[in-house]
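Data first, discussion second: the structure below is written as structure tokens.
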Amino acid sequence: MRIRVGYELVYECPQPTPMILNLHIHSERVSDILVPDHLVTRPSVPMAAHRDTFGNWCTRIVAPAGEIRLSSEGLLSDTGAPDPVTPDARQHPVQELPGETLGFLLGSRYCDTDLLSELAWDLFDGSDEGWARVQAICDFVHQQVTFGYEHARVTKTASEALRERTGVCRDFTHLAVALCRCMNIPARYCTGYLSDIGVAPPHGPMDFAAWFEVYLGGRWHTFDARNNTPRIGRVLIARGRDAADVAISHTFGPNLLKGFLVRTDEADEAPTALQPEL
């Protein structure tokens, strides 16, 4: 299977504004890339690339005063298989965890484990450890939180999402990540493209998606509390402790996002230019 991915973002800046952009397909998929997802800016501006502390590829620009259009379209191969399910993946005692996983046991900006720890142990202490426990957490979050774009709020934490019972995919993910960490399971936040391949219509508007990974049985595994079912065509962009680490753009000055279009679909031909209605 080949998957076409891309986006077009339009920002309006009243003055020259530095930006850090986190929009590239993650390097773990580099061998699958058939057409690179090069960032194109209109107007053209100088770019500098770097890898952040989590290994994500980032781009730095200074957006000029006025409108700037950021776009990309790439093509990559994919197995076409849904997310793997490994029900026998075991949970490691904390003392056996690799050092690089320990930071993903701690609370973070949006994953306020200090407010959720007692509840987490009340709810999940009786569940089987390992994969079954993480799935129980996903089931709980999926049942307790109602999805809706009207419920989005950039300041919403995991405990607030649970209290309000509403949110978008990042809120489902923050809550599931926080509950896993409370139960001593390393969990990290992921963002990227998620296709509707294999999903019956109607389909909602395409957006960047959030999911998470947990460390069980000596490796990281994918879970998705929002959809709570294995999906086809998941393309990672970035990982971090929570959404604060993987924002698609960090802007250092006033700005307005005027246009937003994301594409993820199965491709039979080489990619063509996005034709948004902005």
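Taken together, the values in this text are just the output of simple stated rules run on the coordinates, not laboratory data. These figures come from a predicted structure and were not determined experimentally. Every residue, glycine as well, gets a Cβ built from its backbone with ideal geometry; the counts of neighbours run over all protein chains shown.
Here are the numbers for this structure:
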{"item": "Relative counts (whole %) of C-alpha pair distances in region 94-243, using bins that are 5 Å wide", "result": "2, 10, 20, 24, 22, 12, 7, 2, 0, 0"}
{"item": "Helical mean residue ellipticity (222 nm; -39500 (n - 2.57) per DSSP H run of 4+; nearest 500) of the chain", "result": "-4500 deg cm²/dmol"}
{"item": "Net +/- balance of residues flanking residue 5 in space, Cβ distance below 14 Å, scoring K and R +1, D and E -1", "result": "-4"}
{"item": "Trypsin sites (Lys or Arg not before Pro), loop per DSSP, at most 16 other Cβ atoms within 10 Å - longest free stretch of the chain", "result": "166-278"}
{"item": "Value of Rg to Rh for the chain (Rh from inverse mean 1/r over Cα pairs, i.e. Kirkwood)", "result": "0.97"}
{"item": "Phi to ³J(HN,Hα) by Karplus 6.51 cos²θ - 1.76 cosθ + 1.60 over region 65-74, Hz, x for Gly, Pro", "result": "4, x, 9, 10, 10, 10, 8, 7, 8, x"}
{"item": "The chain, dipole about Cα centre (Lys/Arg Cβ +1, Asp/Glu Cβ -1), debye to the nearest 20", "result": "580 debye"}
{"item": "Region 213-271-region 10-27 distance, computed between alpha-carbon centres (Å)", "result": "16 Å"}
{"item": "Distant-in-sequence amide H partners of residue 23 (H built 1.01 Å from N, under 5 Å)", "result": "59"}
{"item": "Amide H contacts under 5 Å for residue 258, placed H, 5+ residues apart", "result": "10, 11, 12"}
{"item": "Ranked list, fewest to most other Cβ atoms within 10 Å of each Cβ, for 47, 19, 206", "result": "47, 206, 19"}
{"item": "Proximal charge balance of residue 189 [Cβ under 15 Å; K/R count +1, D/E count -1]", "result": "+2"}
